[in-house]
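For reference, the structure is listed below as structure tokens.
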Amino acid sequence: MNTVHIKKGYQLRLIGAPAAEVEVLPRPARVAVVPERLRFVKPRLTVKVGDRVKVGSVLFEDKRHPGVFYRSPGAGTVSAVSLGPRRLVRHIVVDLDEQEAFEEFGPIDRGELERIDRLDLIDRLMAGGLWPLVRELPFRDAARREARPPALFVHLDNLDPFHPLPPVYLRGCEDLFEFGLRALERAADAPVNVSLAKENAAAINGLRSRITHLYTGNYPAHDPGVLLYRTKRSAAENHSWFISGQGVLLLGQFLQEGRLPTEQTLVIAGPGAQTPRHVRARIGAPIAALGAGEVPAAGIRCVAGGVFSGQPAPMDSFLNAGETSLVYLAEGAESPPAFRWMLPGREATSYSRTFLSSFTSPRDRSMSCNRHGGLRACIQCGFCARVCPVDILPQLTYKAALAEEVEESLSHGLLDCVECGLCAFVCPSKIDLLETLRRAREAYYDDIA
Ligand code: SF4
Ligand code: SF4
């Protein structure tokens, strides 16, 4: 077992961490898939309003990857296909039947798993709609069926506040995890690296023998791209695959039961949450139902997927498979109080040492979505380079990307960027470096695809 020390990064200490007990939520009246939050996916719909579907019926196919299907997380009647700007598909909603029917894919046991052909196994996972849980570096798109990855990374935890804790979601699921991991070993046909924060190692004794990397450090030390950057020996490893710990459980369950899994463990947390907790809920559940009992007051924003790497999720939206974090944050006052610049900032959450809070002992604090200032020119403070976990000079990469100097931005390490968002968070000039870097990476990906 290797220990990797990640020196850069930043740990945002927020109030509202989830309690370790898991609350099982009641079955919602409807579930949905939300294509607008599925990165890279271009849906070709195969259902319309009024169609009857089972759990596991195809709702749409990714136009870019024929054969990659997205399946219904519930059985019932398609009640809405809502479209956003430029007719992008927002949600496909299914009103659930009292008794739900399942599409059957046929279970496989351990013996069959050892005998099945590698590509047949991948095809089975693709047909079941779970293959997109396996992603490929450096662009983080769904893994290519025909690729031979040099390695596969499984990250059990996620330091982006807040995500389910491994000792909580793995409790009682050790055998299922072993099965899912073996399936991935067969599908990738490559070494599998399982990583975990060192402080969590004692809490998951049952799987200790499967952990290959313990890491120490701040967000985003858990990220497979960061671990790869610190451990790789050759450029060929840049195309490694990765998956989350809960993704392994979902794949394992699908193969063992031959049916699409319908539940996942997630956290409802953050400074705006009334009762921060872990919950066991339906995949595709409505956000309003997940937050029942703490329906956010006006002025609270809901973020799906973590504070840094998540996306805003309106209350009429739903959570996709693999989205296991719902964080409530205050929007923040539109206009700051008069003479705010004169206030000492005893409670301010900030990376810079401008505020009094940086001289008090570290503790969890609240935070809002307000950026507290407008866009200004770069002042060359170097904060962004100081936090970047993969040693990029974000300000130079950003300038090259803005000028569409592709070669120069690549030479600065654009492809090593793990899209953690820390550079944008710490920038005192409020420059959205992440958005520009992400667009540049996607443009380059489109060019070479
Ligand atoms: S450039 Fe910014 S978003 Fe990319 S890894 Fe560095 S800090 Fe994170
Ligand atoms: S943190 Fe912002 S202002 Fe400071 S060097 Fe980076 S881009 Fe420039």
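The values are calculated or read from the model by the stated rules, or taken from the named source; none is laboratory data. These numbers come from a predicted model, not from an experiment. In this analysis, Cβ positions are derived from the backbone assuming ideal geometry, glycine residues included, and neighbour counts consider all displayed protein chains.
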For this session: Please enumerate the residues belonging to the stretch 124-142 that are surrounded by fewer than 21 Cβ atoms within 10 Å (Cβ to Cβ), of a type in the set (A, V, I, L, M, F, W, C) and touching an Asp or Glu at 6+ places or on another chain (Cβ under 9 Å).
Result: 139
Problem set entry | Residue among 139, 102 that alone is closer than 27 Å to residue 310 by Cα and among the aromatic types (Phe, Trp, Tyr) | 139
Exercise. Would you say residue 31 is within 28 Å of residue 163 (Cα to Cα), modelled with pLDDT of 95 or more and touching a Gly at 6+ places or on another chain (Cβ under 9 Å)?
Worked result: yes
For this session: Among residues belonging to the stretch 401-431 that are among the acidic types (Asp, Glu) and under 22 Å from residue 159 (Cβ atoms), point out the one that is farthest from ligand 1 (Cβ to nearest atom).
Result: 416
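Please find, among 159, 121, 152, the residue that is in the same structural domain as residue 218 (by TED's automatic domain parsing), crowded, with 22+ Cβ neighbours inside 10 Å, over 28 Å from residue 270 (Cβ atoms) and modelled with pLDDT of 95 or more. Please lay out each step first, then the result.
Working: 159 fails: over 28 Å from residue 270 (Cβ atoms); 121 fails: crowded, with 22+ Cβ neighbours inside 10 Å.
Going through 159, 121, 152 in turn, just one is in the same structural domain as residue 218 (by TED's automatic domain parsing), crowded, with 22+ Cβ neighbours inside 10 Å, over 28 Å from residue 270 (Cβ atoms) and modelled with pLDDT of 95 or more: 152.
So, residue 92, is that one under 18 Å from residue 262 (Cβ atoms) and either in a loop (DSSP other than H, G, I, E, B) or in contact with a strand residue (DSSP E or B) (Cβ under 7 Å, 6 or more places away or on another chain) (or both) or not?
Here the answer is yes, as residue 92 does meet what is asked.
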For this session: Would you mind listing the strands (runs of 3 or more DSSP E) fully within the stretch 218-290 where at least 1 residues are basic (Lys, Arg)?
Result: 277-282
Exercise. What about residue 20, is it at pLDDT 95 or above and part of a strand (DSSP E or B)?
Worked result: no
For this session: Name every residue in the stretch 1-16 that is in contact with a Phe, Trp or Tyr (Cβ under 8 Å, 6 or more places away or on another chain) and under 25 Å from residue 225 (Cα atoms), in order of residue number.
Result: 3, 4, 5, 6, 9, 10, 11, 12, 14
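Yes/no per residue for (1) in contact (Cβ under 8 Å) with a residue 24 or more places away in the chain; (2) of a type in the set (Ser, Thr, Tyr); (3) in contact with a Ser or Thr (Cβ under 9 Å, 6 or more places away or on another chain):
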site: 119; (1), (2), (3): yes, no, no
site: 159; (1), (2), (3): yes, no, no
site: 174; (1), (2), (3): yes, no, no
site: 190; (1), (2), (3): yes, no, yes
site: 201; (1), (2), (3): no, no, no
site: 209; (1), (2), (3): no, yes, no
For this session: Go through the stretch 167-189 and give me each residue that's under 16 Å from residue 155 (Cβ atoms) and of a type in the set (A, V, I, L, M).
Result: 168, 170, 181, 184, 188
Problem set entry | Odd one out for residue 381, checked against (1) more than 20 Å from the chain's Cα centre (by Cα); (2) within 10 Å of ligand 1 (Cβ to nearest atom) | (2)
Exercise. In the stretch 413-422, which residues are away from ligand 2 (no atom under 11 Å from the Cβ) and either under 20 Å from residue 448 (Cα atoms) or of a type in the set (A, V, I, L, M, F, W, C) (or both)?
Worked result: 413, 414, 415, 416, 417, 418, 419, 420
Exercise. Failed condition for residue 172, given (1) among the small types (Gly, Ala, Ser); (2) over 26 Å from residue 277 (Cα atoms); (3) not in a helix (DSSP H, G or I), with all others met?
Worked result: (2)
Exercise. Residues in the stretch 143-179 that are β-branched (Val, Ile, Thr) and touching a His at 6+ places or on another chain (Cβ under 9 Å): how many?
Worked result: 1
Seminar exercise, completed: Matching residues in the stretch 255-271 (crowded, with 24+ Cβ neighbours inside 10 Å and either more than 16 Å from residue 24 (Cα to Cα) or in the same structural domain as residue 186 (by TED's automatic domain parsing) (or both)) number 3
For this session: Run residue 396 past the list (1) hydrophobic (A, V, I, L, M, F, W, C); (2) closer than 17 Å to residue 10 by Cβ; (3) surrounded by fewer than 20 Cβ atoms within 10 Å (Cβ to Cβ) and report the number of the one that doesn't hold.
Result: (2)
Exercise. Which one of these does residue 45 not meet: (1) assigned by TED's automatic domain parsing to the domain that holds residue 202; (2) touching a Phe, Trp or Tyr at 6+ places or on another chain (Cβ under 9 Å)?
Worked result: (1)
